[in-house]
Amino acid sequence: MDRDAVIEILEGYRSGSVSQAQALEKLTCLPFEDLDDIKIDHHRALRQGFPEVVFCPGKATEQIVRAMSELARISPNVLASRATAEVFAAVKAVLPDVVYNERARLVILEREPLPKDPDRFILVMTAGTGDVPVAEEAAATAEVMGNRVERVFDVGVAGIHRLLAHTPLMRQANVIVVAAGMEGALASVVGGMVNKPVIAVPTSIGYGANFQGLSALLAMLNSCAAGVGVVNIDNGFGAGRLAAIINRLR
């Protein structure tokens, strides 16, 4: 339930088209719905502009389905992250209009797509093709949250001419997400080329001394380029959410 939905209820009550009982019934799910082992935060869309997102790892499939169903009862757009194909099949059996972004591992319900500003966009980039799943999680998340997203993949520093070919696009972007494994150098290079915020996403792609993304994380945290912020290893969702917030600021 977002701000517009609450305003609609209040205006309906004021005009008489919504009774007091109906208004109370619609608002009883605020601030959260207690399902014993799950607490559905229906108030989050009102506070933050998008409903609670279901993080699938560690949850039983039945819990995920229940959470998605309850969220969908109130919110037209719902997202579940790090979902398997099996989870998607179980959710789809209950919510037939969900779709699955296999590469991003996102289950997406988008009944009322949010409007996108055509003039302000997020650019999502990767150093290598192996970083694409994490980048796609960021890109798809930002799109569902109402943002235009452009993608440029496989432009790491081992062939920096590939990156330089996209300089005009980088300068046009409102915010840039950079996913990189190995030594994570791409975020610093991009950060040094633009005057836009750069959200660096270290990935766990790399050989042994990459330490499953730790080397990229430390390199990004130690970037000498100003304007580079860092999220956790493989946290494409977090990067996409943050980019969406920045891009929609006015």
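Side notes on the structure shown:
- Looking only at segment 213-250, and only at residues there that are assigned to a loop (DSSP other than H, G, I, E, B) and among the small types (Gly, Ala, Ser), the one that is nearest to residue 139 (Cα to Cα): 227
- Residue in segment 88-101 that is in contact (Cβ under 8 Å) with a residue 40 or more places away in the chain and not polar (S, T, N, Q) present: no
- All positions within segment 203-244 that are of a type in the set (A, V, I, L, M), surrounded by fewer than 19 Cβ atoms within 10 Å (Cβ to Cβ) and farther than 21 Å from residue 82 by Cα: 209, 218, 221, 225, 226
- Out of 50, 88, one residue alone is under 30 Å from residue 135 (Cα atoms), surrounded by 17 or more Cβ atoms within 10 Å (Cβ to Cβ), among the aromatic types (Phe, Trp, Tyr) and modelled with pLDDT of 85 or more. It is 88.
- Taken as a whole, the structure places residue 65 among residues that are surrounded by 20 or more Cβ atoms within 10 Å (Cβ to Cβ), outside the structural domain of residue 191 (by TED's automatic domain parsing) and in a helix (DSSP H, G or I).
The values are calculated or read from the model by the stated rules, or taken from the named source; none is laboratory data. Quick caveat, the model's predicted, so the values are computed rather than measured. Cβ sites come from the backbone with ideal geometry, for glycine too, and all protein chains shown count toward neighbours.
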